[in-house]
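Beneath this line is the structure, given in structure tokens, with notes to follow.
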Amino acid sequence: MTIGFSSRAAASACVLCAAGVLVLGPAASAAPAGADPGPAGGPHATAPRPALLYRSGTQVRPRPGAPGVPAVSALSWLVADAGTGEVLAASNAHRTLPPASTLKTLFALTVLPVLPGGIRHRVSETELTGIGAGSSLVGVAEGRSYRVSDLWHGVFLSSGNDAVHVLAALNGGWRATAARMQAKARSLGALDTRVVSPDGYDAPGQVSSAYDLAVFGRAGLRNPDFARYCATAEARFPGRDGGTYGIVNTNRLLSGTNGVARYPGLIGIKNGYTSNAGNTLVAAARRGDRTLLVTVLNPQAGGGLAVYEEARELLDWGFGAAGRVDPVGSLDALRARPRPGPEATPVAAAAVTASGAVAADDDGPGWSEAVVVAGAAVLGGVSVALVLRLLDRRRSAR
């Protein structure tokens, strides 16, 4: 027995199919192929909560039982998990401020990879010109030969602007180094930073932020040379007479000097001071399997050592709050940096195509794709109806 359809019935069925595609297309295409919708009546996945880092004031998302955030006087600060990049709490994280010598973190990220520590270099007079008045110095001497590793000890421990000038000269010069630092900041997604003077010396227009400095600190800890230098508490530096002398890290949470107790588990990173920036600090500490980063910029109370005590309070809070607060943002700046505004919202992640081009993810198929599918269905239906009608005529002719 042969079962057939009339052409009129076939055409009607195709029209109904096309209408169904138009109604269901956007809804059906919203779920990616292979996605598990979950149990019927079960909870639906929720989108990540928007970042709060562009808001002014203290931002934290405590869960029940979380400790209270300490009241610190810094103009800007941030506490983050160095491993995950999650920002646990922050205050004015993107406020642009003079960074002082904490900008040397970006200098090191930029120059360390191209100057191996074993290179020896004899310092010339021109390499020591242009150092700002009142700069911190390690004691680099004209005509003396130094290993590059010696100069890095001078940068990280003594915050020596003389060592920075020599390393910048080896890197192609002062302006070239500033431009490369700027490019490095952009490559990390640190958009608040403007580099004018690579050593962090006060210069018109030179700014960074607690957020950007935390990004630099986190990236630095991933570089073995950076991590080793920033964790060094004491070293010997070559003297003018051919001998050496001791230098001590000016990050007092690491060295435990000037009445500041060492912080347990501290692993660096860099402190700074200028009259314009005040006291600044990027620090990291490890406890168990967790490493926290803290940035503190320009405390307004407590004197010159307040930057260390406020960092201590924030680190203590961070270790106590870990697992008991929801993140307010992420240091993965290239993937998760929100757009500025009172209500920060996540930026869609970018996907790299096979050709290497970057394409922004959208929200999935919508009406435009559904219309295309429906149009194809209508055309297909009309074609089927025409074929069936021709077959009917041939059978009638027989």
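For the set Thr291, Thr58, solvent exposure ranked by accessible area (probe 1.4 Å, protein chains only) runs largest to smallest as Thr58, Thr291. Here each label is just a point 7 Å from Cα along the line to Cβ, and for Arg228 and Ala183 those points are 2.7 nm apart. About its Cα centre, the dipole of region 101-215 is roughly 340 debye, where the only charges are +1 on Lys and Arg Cβ and -1 on Asp and Glu Cβ.
Residues Ile131, Ile247, sorted by accessible area with the largest first, give Ile131, Ile247 [1.4 Å probe; ligands and nucleic acids excluded].
The share of alpha-carbon pairs in region 119-185 lying farther apart than 15 Å comes to 49%. These residues, Thr232, Thr105, go from largest to smallest accessible area, 1.4 Å probe, as Thr232, Thr105. Couplings 3J(HN,Hα) for region 134-139, derived from phi with the Karplus relation 6.51 cos²θ - 1.76 cosθ + 1.60 (θ = phi - 60°), are x, 5, 6, 10, 9, x Hz, where x marks Gly and Pro. Entry comment: accessible area of region 233-272 is 47 Å² per residue, from protein heavy atoms only and a probe of 1.4 Å. Each peptide in 50-57, 213-220 receives the mean, over its residues, of other Cβ atoms within 10 Å, and ordering these scores from highest gives 213-220, 50-57. Size of region 49-100: Rg and Dmax of its alpha carbons, in Å, are 11.7, 38. The shape of region 72-132 comes out oblate: with a ≥ b ≥ c from the C-alpha gyration tensor, a/c is at least 1.5 while a/b does not beat b/c. Based on alpha carbons, the Rg and Dmax found for region 149-261 are 15.2, 45 Å. With a simple spin-label model that places each label point 7 Å from the Cα along the Cα-to-Cβ direction, the separation between Ala71 and Arg144 comes to 4.8 nm. Here the convex hull built on the C-alpha positions of region 255-322 has a volume of 85 cubic angstrom per residue.
The values are calculated or read from the model by the stated rules, or taken from the named source; none is laboratory data. Bear in mind the structure is a predicted one, so any value in this text is a computation, not a measurement. Note that we place each Cβ from the backbone using ideal geometry, even for glycine, and neighbour counts take in every protein chain shown. Calculation scope for accessible area: heavy atoms of the full protein, side chains included, ligands and nucleic acids excluded. Shrake-Rupley method; radii C 1.70, N 1.55, O 1.52, S 1.80 Å.
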